[in-house]
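Taking it in order: structure first as structure tokens, then the write-up.
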2 protein chains.
Amino acid sequence: MTQINIAIAGYGNLGRGAEAAIQQSPDMRLVAVFSRRDPASVELLDSSVPVHAMADIEQFQNDIDVLILCGGSKSDLPEQGPDLAGMFNIVDSFDTHAKIPEYFAALDQPAQAAGKVALLSVGWDPGLFSLNRLFGEAILPQGETYTFWGKGLSQGHSDAVRRVAGVKSGVQYTLPSEPAMARVRNGELPQLTTREKHTRECFIVLEDGADADTVRNTIVTMPDYFADYDTTVNFIDQHTFAEQHSSMPHGGFVIRSGESGSDNTKQVLEFSLKLGSNPEFTSSVLVAYARAVYKLSQAGETGAKTVFDVAPGLLSPKTPAQLRKEML
Amino acid sequence: MTQINIAIAGYGNLGRGAEAAIQQSPDMRLVAVFSRRDPASVELLDSSVPVHAMADIEQFQNDIDVLILCGGSKSDLPEQGPDLAGMFNIVDSFDTHAKIPEYFAALDQPAQAAGKVALLSVGWDPGLFSLNRLFGEAILPQGETYTFWGKGLSQGHSDAVRRVAGVKSGVQYTLPSEPAMARVRNGELPQLTTREKHTRECFIVLEDGADADTVRNTIVTMPDYFADYDTTVNFIDQHTFAEQHSSMPHGGFVIRSGESGSDNTKQVLEFSLKLGSNPEFTSSVLVAYARAVYKLSQAGETGAKTVFDVAPGLLSPKTPAQLRKEML
């Protein structure tokens with residue numbers, strides 16, 4: 001089998017997940033990891049894979065079929081993406097929903113000019129959830145789409161509680177409201193407020209001498225983050241925190257409730273994820289779409305793309321004939 | 001807006017559902033229905049749409065952008081499909097899984113020769129369920145995929161119970177086993193037997209003088225259909241039957257349970273459908289994919305295709321830029 005030569009740019013949780021996902025993919029080979037840290041300090045799962053300085057990446061243009069960008073959406077990708085899209089076929093998980101059109105344009109121009117494919121915003125939301133929102137709306141145009149998140153650790157909200165004075169350690173989980181989901185699944189097409197869709201739950205370790213009520217009150221009234229939600233704050237000790245709150249679970253639900261036919265028959269589609277590790281799953285999606293990027297590039301495609309532009313068969317290592325026989 | 005000119009071949013439950021779905025799609029216009037029955041006897045939802053004899057269909061080659069085939073997979077489609085694929089862009093719901101490769105080949109040749117697109121096996125299984133099986137396997141290559149059907153009315157099994165001596169009216173529902181689904185969702189990767197995955201439930205109206213025990217025993221021991229399942233047989237009166245068992249609900253679940261990362265983290269994807277009407281939903285899927293067929297044909301594509309070959313964005317009436325902005 002000819003293997004696809006993959007490289008990873010950025011080696012945090014996402015990069016490590018991508019390396020593990022590539023190890024599960026016999027049709028791929030990880031040829032290099034690039035990091036802004038000192039390469040000697042980066043420890044991969046497979047120590048035989050070379051680590052190079054990000055600054056040297058352009059020397060490797062002939063060695064890499066697809067480069068997986070594993071940086072963050074806030075500052076890494078807006079800077080790296082447009083640069084790298086002019087040198088490599090790339091795939092990334094850019095997830096700042098409001099800035100996707102702008103980022104798309106910033107990748108499209110260099111990718112077109114270089115004859116490369118740049119696939120952005122791959123993961124689960126944006127990504128698989130987006131696909132399910134699209135399928136739901138296209139198939140049942142009369143209806144409503146509901147996205148619920150959780151139970152999951154929210155990085156941004158966890159950062160926010162950790163900035164509260166008196167908090168030593170803290171995490172925040174978003175929980176979908178079960179009664180709200182039940183109404184949606186039942187085809188009631190409810191109008192749901194922010195407060196009705198999700199609740200928030202915090203687990204906090206206090207600093208010595210900090211006042212629990214003050215901390216709780218600061219959290220639950222925090223504008224933008226918590227004021228619009230019903231928030232529960234639990235105080236625990238450092239040992240329990242380390243033992244029970246160190247993984248990064250997440251997940252959620254996309255539900256399309258619609259009506260078909262001349263009698264307005266109720267039809268409900270639901271897609272859900274229950275993820276033991278959010279970054280590992282995102283990187284598993286990235287790796288499957290890296291395969292699609294390779295095939296698109298081989299077929300002569302160029303420019304920026306999203307999951308909406310990718311025929312699902314391209315994600316699989318199987319041939320179209322195999323897929324028809326085994327999976328249709 | 002330029003409307004896509006759609007026609008329907010075959011006007012049973014599926015054809016009627018397709019007409020209703022087209023009425024929900026402002027970018028489409030139903031220009032004709034073709035039937036093997038006397039056209040004058042076919043009553044559409046919209047009586048302004050002309051009904052023509054199937055035998056005359058080739059006269060309409062210049063008037064139709066996409067023809068939706070609404071015949072059955074057993075005898076209609078294998079005969080009509082290859083003929084019509086040489087004249088029109090077509091989409092159908094061929095669902096005899098084992099014969100898909102053969103049927104694909106039978107459509108591909110005439111479609112290629114005529115420069116048309118022939119999209120086969122569209123619906124929910126094959127169709128949306130197939131896509132979710134593919135996504136699950138491609139994203140989490142280490143894992144197992146489980147498909148559960150129901151709660152749903154099974155046409156084939158209902159026909160089988162109605163052939164039993166002493167049965168006046170009868171329906172059969174397939175039910176997914178909740179304990180089996182719970183084990184799968186929990187990431188246990190169970191090996192499940194046929195009997196463990198689904199149960200079957202029949203509602204029977206007896207003919208006058210028929211013996212309930214004899215009928216029940218004939219049903220539950222019927223080879224191929226019921227012998228491998230736990231089957232419950234309920235006897236009801238004709239009035240209850242008419243009132244409670246005349247719709248065609250269906251649905252089901254595709255669950256991928258896999259492991260990612262170096263620590264084998266559990267990750268679960270689930271797609272499910274709860275359908276008030278099986279044929280209406282299938283035809284809603286057909287109509288969305290008819291839009292994709294039109295766009296593929298406009299882009300110069302030809303030959304047989306499946307849902308695996310269709311980029312999801314093509315299903316939507318929205319532009320790629322709109323989709324990126326509103327749905328990603």
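I'd like the antiparallel share, as a percent to the nearest 5, of DSSP beta bridges with both residues in chain A. Antiparallel bridges make up about 55 percent of those DSSP assigns within chain A.
Please work out whether chain A counts as rounded, prolate or oblate from its C-alpha gyration tensor, where a ≥ b ≥ c are the square roots of the eigenvalues and a/c under 1.5 means rounded, while otherwise a/b larger than b/c means prolate and anything else oblate?
oblate
Close amide-amide hydrogen proximity is noted between A:Lys168 and A:Val205, A:Leu206, A:Glu207, each under 5 Å apart and 5 or more residues distant or on a separate chain (H modeled in the peptide plane; Pro and chain starts excluded).
If only the Cβ of Lys and Arg carry +1 and only the Cβ of Asp and Glu carry -1, the dipole of chain B around its Cα centre is close to 720 debye.
The share of accessible area on segment B:259-328 that comes from carbon and sulfur is 45 percent, using a 1.4 angstrom probe.
Please state the relative contact order of segment B:1-120 as a whole percent: Cα pairs under 8 Å, 6+ residues apart?
Once normalised by length, the contact order is 24 percent.
Rounded to the nearest 100, the interface formed by chains B and A buries 5700 square angstrom of accessible surface, both chains summed, with a 1.4 Å probe. Taking the Cα centre of segment A:165-261 as origin and assigning +1 to Lys and Arg Cβ atoms and -1 to Asp and Glu Cβ atoms, the resulting dipole is close to 420 debye. The listed residues B:Phe203, B:Phe271 rank as B:Phe203, B:Phe271 when sorted by accessible area, largest first, using a 1.4 Å probe. Structure remark: mean-square fluctuation, Gaussian network model of chain B, C-alpha springs under 10 Å; the largest value among B:Ala85, B:Ala311, B:Ala105 belongs to B:Ala311.
Taking amide hydrogens as placed 1.01 Å from N in the peptide plane, the amide H of A:Ala32 sits under 5 Å from those of A:Ile8, each at least 5 positions away in sequence or on another chain. Considering the protein assembly as shown at the alpha-carbon level, its Rg and Dmax are found to be 26.8, 88 Å.
Here the relative contact order of chain A, from alpha carbon pairs under 8 Å that lie six or more residues apart, stands at 20 percent.
If you take all other residues with their beta carbon under 15 Å from the beta carbon of B:Arg324, and give Lys and Arg +1 and Asp and Glu -1, the sum is -3. Ascending distances from the B:Arg195 label point to its copies in the other chains, with the point 7 Å along the Cα-to-beta-carbon line: 5.4 nm.
Listed by chain and number, the aspartates and glutamates placed with their C-alpha closer than 12 angstrom to that of B:Lys151 are B:Glu178, B:Glu201; residues fewer than eight positions away on the same chain are left out. Compare the Cα positions of A:Phe88, A:Gly10, A:Ser25 along the charge dipole of chain A (+1 at Cβ of Lys, Arg; -1 at Cβ of Asp, Glu; about the Cα centre) and return the one farthest towards the positive end. Result: A:Ser25, furthest along the dipole toward the positive end. In chain B, the DSSP-assigned H stretches of four residues or longer account for a calculated mean residue ellipticity at 222 nm of -10000 deg cm²/dmol, using -39500 (n - 2.57) per stretch and the full residue count as denominator.
In plain terms, the C-alpha convex hull of segment B:65-214 casts an average shadow of 12.4 nm² when viewed from every direction. For A:Gly115, inter-copy separations between label points set 7 Å beyond Cα along the Cβ vector come to 2.9 nm, shortest first.
Basic side chains Lys and Arg get +1 at the Cβ, acidic Asp and Glu get -1 at the Cβ, and with that the dipole of the protein assembly as shown about its Cα centre reaches some 200 debye.
Protein heavy-atom surface of segment B:192-251, 1.4 angstrom probe: 45% of the accessible area is carbon and sulfur, with nucleic acids and ligands not counted.
If you take the charge dipole of the protein assembly as shown about its Cα centre, with +1 on Lys and Arg Cβ and -1 on Asp and Glu Cβ, which of A:His239, B:Ile57, A:Pro141 is farthest toward its positive end? Value computed over the given set: B:Ile57. To the nearest 10, the accessible area of A:Trp149 is 100 Å² with a 1.4 Å probe.
Protein-only accessible surface at a 1.4 angstrom probe places the residues A:Met248, B:Met87 in the order A:Met248, B:Met87, largest first. Taking a span of 20 Å or more along the helix axis (Cα atoms) and a mean Kyte-Doolittle hydropathy of at least 0.0 as the rule, the DSSP H helices of chain A that qualify are A:100-114, A:278-298. Within 10 Å of the Cβ of each residue in B:271-282, the mean number of Cβ atoms contributed by other protein chains is 6.
Which order do you get for A:Arg256, B:Arg37 if you rank them by accessible area with a 1.4 Å probe, largest at the top?
Ranked list, largest accessible area first: B:Arg37, A:Arg256.
Of the DSSP beta bridges with both residues in the protein assembly as shown, give the percent that are antiparallel, rounding to the nearest 5.
Bridges in the protein assembly as shown are about 55 percent antiparallel.
Take the Cβ atoms of A:Asp230 and A:Asp208, set R0 to 35 Å, and the FRET efficiency comes out at 0.75.
Taking Lys and Arg as +1 and Asp and Glu as -1, the other residues whose beta-carbon sits under 12 Å from that of B:Leu120 total -2. Note that the protein assembly as shown presents 41 Å² accessible area per residue, ligands and nucleic acids not counted, probe 1.4 Å. Surface calculation, 1.4 Å probe, protein heavy atoms: B:Glu102 sits at approximately 130 Å² accessible. Could you sort out which of A:Lys99/A:Lys305; A:Lys295/B:Lys74; A:Lys197/A:Lys266; A:Lys318/B:Lys305 sit more than 26 Å apart by Cα distance in this structure? The pairs that break the limit, which is 26 Å between Cα atoms, are A:Lys295/B:Lys74. For segment A:205-225 versus segment A:68-132, the inter-centroid distance based on Cα atoms is 37 Å.
Can you tell me which of B:48-59, B:10-21, A:137-148 comes out highest on packing, and rank the rest after it, using the mean Cβ neighbours within 10 Å?
Ranked from most to least packed, the peptides come out as B:10-21, A:137-148, B:48-59.
Solvent-accessible area of B:Thr221, all protein chains in place: 80 Å² (probe radius 1.4 Å, heavy atoms, ligands and nucleic acids excluded). Among A:Asn234, A:Asn278, A:Asn264, the largest mean-square fluctuation in a Gaussian network model of chain A, built with springs joining Cα atoms closer than 10 Å, belongs to A:Asn264.
All other residues whose Cβ lies under 11 angstrom from that of A:Leu315 are scored, Lys and Arg at +1 and Asp and Glu at -1, for a net of +2. Taking Cα centroids, how far is segment B:151-175 from segment B:293-328 in Å? Taking the Cα centre of segment B:293-328 as reference, the centre of segment B:151-175 is 39 Å away.
Taking every C-alpha pair closer than 8 Å and separated by at least 6 residues, the mean separation divided by the residue count of segment B:1-63 gives a relative contact order of 33 percent.
The values are calculated or read from the model by the stated rules, or taken from the named source; none is laboratory data. On a predicted model such as this, the values are computed, not experimentally measured, just so you know. Every residue, glycine as well, gets a Cβ built from its backbone with ideal geometry; the counts of neighbours run over all protein chains shown. Only protein heavy atoms, including side chains, enter the accessible area calculation; ligands, DNA and RNA are left aside. Shrake-Rupley method; radii C 1.70, N 1.55, O 1.52, S 1.80 Å.
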